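Here is the structure we will look at, set down as structure tokens.
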Ligand code: ZN
């Protein structure tokens with residue numbers, strides 16, 4: 001059979017000045033996100049992602065809070081007697097740097113368990129003042145008379161927007177000038193949040209109201225740093241030569257990006273190899289340069305949901321949100337639109353299949369790099385089992401996986417394999433059917 005040239009759509013990327021252009025606070029070879037993704041005995045699922053601000057005191061507060069939640073969860077599930085008892089902990093975040101001084105972080109803690117009547121969602125907010133080295137409360141922002149004026153403003157908005165959900169008596173009891181609200185702030189709005197069950201019924205979710213800062217007399221100066229919009233050049237096609245008569249293998253990496261992803265794409269480049277990276281939407285912004293570099297090198301990017309919730313347990317709208325939000329954020333920060341979906345925890349059902357146009361990709365070989373600590377064992381788990389057209393599952397979130405990749409990539413090439421992306425693997429299969 002003749003050699004076929006496979007064309008791969010890629011992007012020429014305009015990196016505008018690296019520093020001022022993107023809303024990226026730190027180099028991507030450092031941890032920008034703390035990430036714990038674990039699956040224990042297949043019935044205990046944990047996905048925790050929250051930002052690293054690189055402000056020591058602030059990071060310590062976040063670490064302690066998350067560790068507390070994690071330990072509480074572990075204590076609870078350790079009492080599980082059987083595999084039919086299921087539990088899932090998911091922590092997701094938003095991160096907004098208002099300016100050099102003020103940082104907003106929110107955490108959404110989702111807990112679902114067969115021991116609970118319904119899943120619990122709890123929202124936490126952190127507004128950090130880097131100059132004064134402390135978390136801000138509402139009373140740092142507003143004097144008492146201003147906090148009194150705030151009460152009717154909040155009530156009025158709640159009555160307008162959430163009329164059907166509100167428990168009026170609870171609302172009047174809770175909203176007072178001395179309430180320690182959950183809040184974030186920027187140059188436009190003071191946003192106040194209410195956890196489910198505080199002033200509304202549980203099924204209303206998290207409630208929020210925006211109070212324009214123009215209506216308030218703030219105690220702190222607030223201007224927001226302006227970040228320029230992203231710019232990209234038009235995508236171009238690069239040529240790759242793949243011989244469909246020779247064996248191919250697709251390495252795939254889930255749960256990233258992380259500070260280790262850059263090392264993996266460098267190793268791949270060194271050997272003229274490619275792989276597919278199934279990324280989490282909530283990591284895209286903080287590792288956007290790494291993803292752009294990965295695409296430019298000819299790797300494929302797939303969708304691995306937004307925050308790693310188990311997709312099979314979600315409602316159709318939640319499921320679509322997990323997928324679409326990740327597609328959108330990848331498009332926004334890289335100009336790239338994935339065509340592949342790898343379901344979280346490998347869990348798949350008809351609901352997931354019928355609610356996405358993306359091609360669902362599982363795997364044949366799992367070297368268990370999420371569990372096994374030794375990189376040589378991980379590499380051997382691949383090299384002793386591999387055969388033509390296999391798909392290998394790994395995670396670009398651990399140092400030991402980087403070390404394993406250093407062994408696996410040259411060894412596979414030595415054995416005559418071409419290391420291709422999932423789309424290229426599919427094309428090779430098609431060519432061989434003709
Ligand atoms: Zn995963």
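The values are calculated or read from the model by the stated rules, or taken from the named source; none is laboratory data. On a predicted model such as this, the values are computed, not experimentally measured, just so you know. Heads up, the Cβs are rebuilt from the backbone with ideal geometry, glycines too, and the neighbour counts pull from every protein chain shown.
Remarks
- At least 2 residues being more than 23 Å from residue 107 (Cβ to Cβ) is the threshold, and among the helices (runs of 4 or more DSSP H) wholly inside the range 133-235 those reaching it are 144-161, 168-174.
- Residues in the range 319-349 that are within 16 Å of the ligand (Cβ to nearest atom), more than 18 Å from residue 93 (Cβ to Cβ), in contact with a helix residue (DSSP H, G or I) (Cβ under 6 Å, 6 or more places away or on another chain) and part of a helix (DSSP H, G or I): 319 alone.
- Any hit, the range 90-104, residues being over 21 Å from the mean Cα position of the chain (by Cα), in a strand (DSSP E or B) and closer than 27 Å to residue 47 by Cβ: no
- Residue check for residue 362: within 16 Å of the ligand (Cβ to nearest atom) and over 24 Å from residue 260 (Cβ atoms): no
- Restricting attention to the range 319-334, the residues being in contact (Cβ under 8 Å) with a residue 60 or more places away in the chain and surrounded by 21 or more Cβ atoms within 10 Å (Cβ to Cβ) number 2.
- Flag if residue 244 is farther than 23 Å from residue 379 by Cα and away from the ligand (no atom under 16 Å from the Cβ): yes
- Residue 386 vs. criteria more than 16 Å from the ligand (Cβ to nearest atom) and outside any loop (DSSP other than H, G, I, E, B): no
- Here the range 277-318 is the region considered, the condition is being in a loop (DSSP other than H, G, I, E, B) and without any contact (Cβ under 8 Å) to a residue 60 or more places away in the chain, and the residue that is nearest to the ligand (Cβ to nearest atom) is 304.
- One residue from 29, 53 being modelled with pLDDT of 95 or more and in a loop (DSSP other than H, G, I, E, B): 53
- Qualifying positions in the range 247-276 - part of a loop (DSSP other than H, G, I, E, B), within 16 Å of the ligand (Cβ to nearest atom) and within 17 Å of the chain's Cα centre (by Cα): 257, 258, 260
- Residue among 413, 378 that alone is touching a helix residue (DSSP H, G or I) at 6+ places or on another chain (Cβ under 7 Å) and either modelled with pLDDT under 95 or not in a loop (DSSP other than H, G, I, E, B) (or both): 378
- Residue within the range 59-72 that is in contact with a helix residue (DSSP H, G or I) (Cβ under 9 Å, 6 or more places away or on another chain), modelled with pLDDT of 95 or more and either in a helix (DSSP H, G or I) or under 28 Å from residue 193 (Cα atoms) (or both) present: no
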